1. Over the stretch 80-192, one equal point on each Cα, no solvent: what is log10 I(q)/I(0) by the Debye formula at q = 0.20 Å⁻¹?
2. Within the chain, what whole-number % of the accessible surface is contributed by carbon and sulfur, with the 1.4 Å probe and all protein chains included in the calculation?
3. Per DSSP helix of 4 or more residues, -39500 (n - 2.57); summed, then divided by the residues of the chain. What does that give at 222 nm, rounded to the nearest 500?
4. Please list, in order along the stretch 56-61, the HN-Hα scalar couplings obtained from phi with the Karplus expression 6.51 cos²θ - 1.76 cosθ + 1.60 (θ = phi - 60°), rounded to whole Hz, x for Gly and Pro.
5. Counting only heavy atoms of the protein chains, get the accessible area per residue of the stretch 5-121 (1.4 Å probe) and round it to a whole Å² value.
6. Cα convex hull of the stretch 198-348: how many Å³ per residue?
7. Averaged over all directions, how much area does the convex hull of the C-alpha atoms of the stretch 33-123 cover when projected, in nm²?
8. For the stretch 153-244, restrict the atom set to alpha-carbon positions and state the Rg and Dmax in Å.
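The values are calculated or read from the model by the stated rules, or taken from the named source; none is laboratory data. This structure is a prediction, so every number in the text was calculated from the model and none was measured. Note: accessible area is taken over every heavy atom of the protein model, side chains too, but ligands, DNA and RNA are not part of it. Shrake-Rupley method; radii C 1.70, N 1.55, O 1.52, S 1.80 Å.
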Amino acid sequence: MGNLLAYSGIATKIRAMEAKLLRPEQFVEIANLGSVPEIAEYLRKNTAYAGALETLTEEQIHRGNIEKVLTQSLYHDYTKIYRFCGQKQRRFMKLIMKSYEVDLIDYCLTIVINRYKKPFDLNYKRAFFDRYSQISIEKLITSRTTDELVENLKDTEYYAPLKKLKDSQNVTLYDYTLTLDLYLFTSTWKEQKKVLKKSDLELFMRDRGSQIDLLNLQWIYRAKKYYNMKPADIYLLLIPIHYKLSTDLVKELVEAPGLEEFETAVARTTYARHYNFKQQLTIEQMYLDCLNYLYTLDRRRNPYSIAVINTYLFLKEEEIKKLTTAMECVRYSLTPGETLAYVGGKTQ
């Protein structure tokens, strides 16, 4: 009864928002369009992005500006959900906020490490981060080196792991990205027990734990197939959390002499029926297909719980990634079939 009261308003709000997500057939229609402006016009006429796209003039209709509008729509949805939440749910929303913060820091690191001449283009994120984040965009955009960027994060939780890395030698962007990803997952895994209780904690542990397992599977697979990495180097990539993958099984996966042995070991995991490496899918598509199944199953079984928030934001983020990918494919004149193959996964 407690969860029903706590989540009834949130669940009703999110159901209305979810009804506006794009359907699979709409992605087919988008893949058959001939240009980015045509995609923008389609979204304006047929989707919930109409209001947001109305803010762009005809001259502003290009991929970069449309991506900004899409990102702002995610932030707008986060804000609407946050306002409906009680104090307990808002603490959970702050855990979700961490992934947006990590993306922001990674973007800034890319700019300074690659010494791009283009300025930081973050004004469209400023209002959202000023309200919900511990990170100051105003400080970050003054950074011209990695040292300055890390120092501008001094008042945040990201300072300690990044400073430790900064003081090392021969550090690359990849090292920073890996450190941020590892910190994101390990810190939220620890904090979830402070933020959530009972059934909500169990649901979030299932979703986040499964995501960690699947990411580790994906990274082991890619390390073996594309980079021929040694086991010692693969271990450094992995998130040090085992949910349904035992330590012994992870060891077997990492130290498998070839892909055939790796796939044999994967077949013994609980994810095998969703993570079939023999399907004609990319590793990213299989990862998303499995997560989609887990998130939507949890929401269906627990309609008045943290699952309604977690699932909606996952679906919204994936929708935006798919739209961004579709625009890129159309921009480079890929066929509708090729575009749909790159978009992959499921919308709902």
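1. Log10 of I(q)/I(0), two decimals: -1.12.
2. On the way: 8940 of 17620 Å².
Here carbon and sulfur together make up 51 percent of the probe-accessible area.
3. On the way: 18 runs with 245 residues, N = 348.
Taking each H run of at least 4 residues, the total per residue is -22500 deg cm²/dmol.
4. Result, rounded to whole Hz: 9, 7, 4, 5, 8, 7.
5. Working: 5850 Å² over 117 residues.
I get 50 Å² per residue for the stretch 5-121.
6. Numbers: hull volume 18.6 nm³, N = 151.
Hull volume over Cα atoms, normalised by residue count, gives 123 Å³.
7. Numbers: hull surface 31.6 nm².
For the stretch 33-123, the mean projected area of the Cα convex hull comes to 7.9 nm².
8. Rg and Dmax of the stretch 153-244, Cα atoms, are 15.2, 45 Å.
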